Amino acid sequence: VRTDEEASSLIVISPVAGTICLCNNREIVIQTEDALVSSGVALGTEAQGKLTILEESFDTNGSKTLLYYLDSRAKGKIVIIQTIMRDILVKGASIGVSGFLVVNLSNDTIAYYQEKTFKLPILEIDVGLMDQLKEWKDKNILIDTKSKAIILQK
């Protein structure tokens, strides 16, 4: 690994197991089955926790009472939710949710998040990525908002 100043050697620890398929002075590419990458908006810092799905957010009748369904059972967990509104964001932060994976993230919610300087990670995902994540329910994952990666921990 080379820096701008001088050549040096460093130990690089990967957050995922895999095979290095490219290594040059600009990038290291690791082929893995233990990470998924989103192309959506990423806010906040990184977090880890067990994955849970707020099923009621995907139900048209249940979405009106989401504040009721988001409760202390979500403490320390990464929550997949259809749409996140201000009240859900505030409640999630106050009860100790580790992070949110959101299918629909509005510009209003992004502006509110940035205005209030939340640290809680939010990563926008598409429906295909959500379907892949469903099999990881109740398993540990890590959200890395810098790389927009979801790392599946075994």
### Task
Could you work out how far apart the two model spin labels at Asn24 and Ala111 are, taking each label as a point 7 Å from the Cα in the direction of the beta carbon, and quote it in nm?
4.2 nm
### Message
How large is the accessible surface of Asp144 in square angstrom, using a 1.4 angstrom probe and rounding to the nearest 10?
### Response
40 Å²
## Note on the structure
For the range 124-139, Karplus-derived ³J(HN,Hα) couplings (6.51, -1.76, 1.60; θ = phi - 60°; whole Hz; x for glycine and proline) come out as 7, 10, 8, 4, x, 5, 4, 4, 5, 6, 4, 6, 9, 4, 6, 10
### Message
With every protein chain left in place and a probe of 1.4 Å, what is the accessible surface of Val103, to the nearest 10 Å²?
### Response
20 Å²
### Task
Take the Cα gyration tensor of the range 57-154, multiply each eigenvalue by 5, square-root it, and list the three semi-axes largest first, rounded to whole angstrom.
19, 16, 14
#### Entry: Inter-label distance for Phe58 and Gln153, nm, one decimal - labels placed 7 Å from Cα along Cα-to-Cβ
2.4 nm
### Task
Figure the gain on full extension for Asp131 and Thr45 (residue separation times 0.36 nm, minus the Cα-Cα span) and round it to one decimal in nm.
28.6 nm
### Query
Among the lysines in the range 60-154, how many pairs, 8 or more places apart or on different chains, have alpha carbons under 20 Å apart?
25
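The values are calculated or read from the model by the stated rules, or taken from the named source; none is laboratory data. Small disclaimer: the values here were computed from a predicted structure and weren't measured. Neighbour counts are summed over all protein chains in view; Cβ atoms, including those assigned to glycine, are modelled from backbone coordinates with ideal geometry. Surface accessibility is based on the protein's heavy atoms, side chains included, excluding ligands, DNA and RNA. Shrake-Rupley method; radii C 1.70, N 1.55, O 1.52, S 1.80 Å.
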